[in-house]
Amino acid sequence: MPELSPAAQAVLDAANGAQSYGPDDCLNESRWVAAAALRAAVEQVMPEVVNAVGDEHDDARRDQWVRIRCKFLAIADELEAQ
C-alpha cells in the first residue's frame, strides 16, 4: 500500500483521533470526525501564515486567504457545537 501524502495522513489522523474520543452517539461522532477532518485539511491546504509573493496584491491575497480559512473553520465549529 503506498504511503499517504502528509495532507492525507493529517486528515486521517484527525478523523481517527476524533472517532476514538468522540461521543457514543453515531450522529454526534460523525460530526466530530467531519470537523476534525475539515480542520486537518484546512491546516494542510490553508495554513494560518501565508507567505507573501512580493507584489502589490499581497495584502488582498492574504485577506482573501484569511476569510476563506475562517469560513472553513466556522463550518468545523458548527459541526462540533451540535
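Observations
- Spin-label model distance (nm) - Asp13 vs Cys70, 7 Å beyond Cα toward Cβ: 2.8 nm
- Computed from backbone phi with θ = phi - 60° and the Karplus coefficients 6.51, -1.76 and 1.60, the 3J(HN,Hα) list for segment 29-35 is 4, 4, 5, 5, 5, 4, 5 Hz; x is used for glycine and proline.
Quick note: the coordinates plus some simple rules give every number you see, no bench work behind them. All figures in this text were calculated on a predicted structure; none of them were measured in a lab. Please note: Cβ atoms are built from the backbone with ideal geometry, for glycine as well, and neighbour counts cover all protein chains shown.
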